[in-house]
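Enquirer: Pasting in a structure now, in structure tokens, and then I'll have a few things to ask.
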Amino acid sequence: MLRRTVLLNQLLAIGVLALAVPACSSYDHSHAVYMLIDTSGTYSAEARRAQTIVNYLLGTLQPGDALAVAKVDSRSFSEKNIIAKTTFDRRPSEANNQKRAFKVAIENFAQSVRASTHTDITGGVLQAAEFLNETRAGNKTLLIFSDMQEELEKSTIRDFPIDLKGIRVVAVNVVKLRTDNVDPRRYMGRLEWWERRVRAAGATDWQVINDFDHLERVVALH
């Protein structure tokens with residue numbers, strides 16, 4: 001009886017290990033990054049600064065990683081807002097070709113960007129979450145290059161819960177508006193409101209980073 005019990009315990013232990021090994025090895029270590037670029041009002045002039053971050057991403061992301069860049073305008077929940085997107089080929093030479101083409105697409109956008117009348121950040125976030133989840137990457141990051149001042153058309157409906165589970169959200173280059181200079185509480189309140197919304201949506205993290213001297217902190221891929 002004792003031998004049977006020992007044998008049964010050994011078999012159970014082997015079974016647990018057999019189940020545990022695939023679970024650990026199945027984790028996807030690839031990265032997926034989606035960057036939103038605000039093109040509303042005077043902030044559209046900041047688009048060229050966004051190129052700095054995109055260039056850093058292109059130099060940092062590896063074969064198998066995914067990258068997409070989209071603009072935020074009056075209504076942003078659309079594939080038409082995506083400026084460029086790709087999953088980098090596992091072959092380094094082909095991945096380099098993809099990165100060169102991506103860089104050209106962003107440069108062309110920055111040179112021809114037109115200011116929009118409204119700012120649908122939420123629509124862009126929804127579009128970003130779809131892309132990031134479809135990549136099935138183990139590490140998903142959403143970068144929002146904006147002053148975070150959302151201004152919607154009256155007919156645009158965005159007052160509903162959003163789902164950002166498993167996604168890290170970073171607000172970048174959050175410049176201060178004229179009204180923020182008059183009353184700094186407006187700036188702080190705007191960021192606090194977005195943090196509450198993003199965390200309530202299940203995001204893994206929320207950060208505001210305006211320092212371009214250390215882009216590794218902005219992207220934090222490693």
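The values are calculated or read from the model by the stated rules, or taken from the named source; none is laboratory data. Predicted model, so just to flag it, every value in this text is computed and none were measured. As a convention, Cβ positions derive from the backbone with ideal geometry for all residues, glycine included, and neighbour counts pool all protein chains shown. Accessible surface is based on the protein model in full, side chains and every heavy atom, while ligands, DNA and RNA are left aside. Shrake-Rupley method; radii C 1.70, N 1.55, O 1.52, S 1.80 Å.
Enquirer: Given the condition open to solvent by 10 Å² or more (accessible area, probe 1.4 Å), within 14 Å of ARG197 (Cβ to Cβ) and acidic (Asp, Glu), answer yes or no: does some residue in the range 133-150 qualify?
Expert: Within the range 133-150, one or more residues are open to solvent by 10 Å² or more (accessible area, probe 1.4 Å), within 14 Å of ARG197 (Cβ to Cβ) and acidic (Asp, Glu).
Enquirer: When only residues in the range 151-162 that are surrounded by 14 or more Cβ atoms within 10 Å (Cβ to Cβ) and in a loop (DSSP other than H, G, I, E, B) count, which is nearest to the chain's Cα centre (by Cα)?
Expert: The residue in question is ILE162.
Residues checked against (1) of a type in the set (Val, Ile, Thr); (2) modelled with pLDDT of 95 or more:
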position: SER25; (1), (2): no, no
position: HIS29; (1), (2): no, no
position: TYR34; (1), (2): no, yes
position: ILE37; (1), (2): yes, yes
position: ARG49; (1), (2): no, no
position: LEU58; (1), (2): no, yes
position: VAL69; (1), (2): yes, yes
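Enquirer: Say whether the condition of being in contact with a Gly (Cβ under 9 Å, 6 or more places away or on another chain) and part of a loop (DSSP other than H, G, I, E, B) is met by at least one residue in the range 190-203.
Expert: Yes - at least one qualifying residue is present in the range 190-203.
Enquirer: Let me ask something else. Restricting the range 80-99 to residues that are in contact with a strand residue (DSSP E or B) (Cβ under 6 Å, 6 or more places away or on another chain) and assigned to a helix (DSSP H, G or I), which is surrounded by the fewest Cβ atoms within 10 Å (Cβ to Cβ)?
Expert: GLN98
Enquirer: List every residue pair whose Cβ atoms sit under 7 Å apart, with the two residues 6 or more apart in sequence or on different chains, where the first one lies in the range 63-78 and is in contact (Cβ under 8 Å) with a residue 24 or more places away in the chain and among the hydroxyl-bearing types (Ser, Thr, Tyr) and the second, anywhere, is surrounded by fewer than 22 Cβ atoms within 10 Å (Cβ to Cβ) and part of a strand (DSSP E or B).
Expert: SER74/SER116
Enquirer: Any residue at all in the range 110-118 that's more than 29 Å from GLU153 (Cβ to Cβ) and either of a type outside the set (A, V, I, L, M, F, W, C) or at pLDDT below 95 (or both)?
Expert: The answer is no; no qualifying residue exists.
Enquirer: Among the residues of the range 120-127, is there at least one that is open to solvent by 20 Å² or more (accessible area, probe 1.4 Å) and either under 20 Å from ALA47 (Cβ atoms) or out of contact with any helix residue (DSSP H, G or I) (no Cβ under 7 Å at 6 or more places or on another chain) (or both)?
Expert: Looking through the range 120-127, at least one residue is open to solvent by 20 Å² or more (accessible area, probe 1.4 Å) and either under 20 Å from ALA47 (Cβ atoms) or out of contact with any helix residue (DSSP H, G or I) (no Cβ under 7 Å at 6 or more places or on another chain) (or both).
Enquirer: Please identify the pairs in which a residue from the range 175-188 that is open to solvent by 100 Å² or more (accessible area, probe 1.4 Å) has its Cβ atom under 7 Å from the Cβ atom of a residue that is not small (Gly, Ala, Ser), counting only partners at least 6 apart or on another chain.
Expert: LYS176/TYR187; ARG186/THR179; ARG186/ASP180
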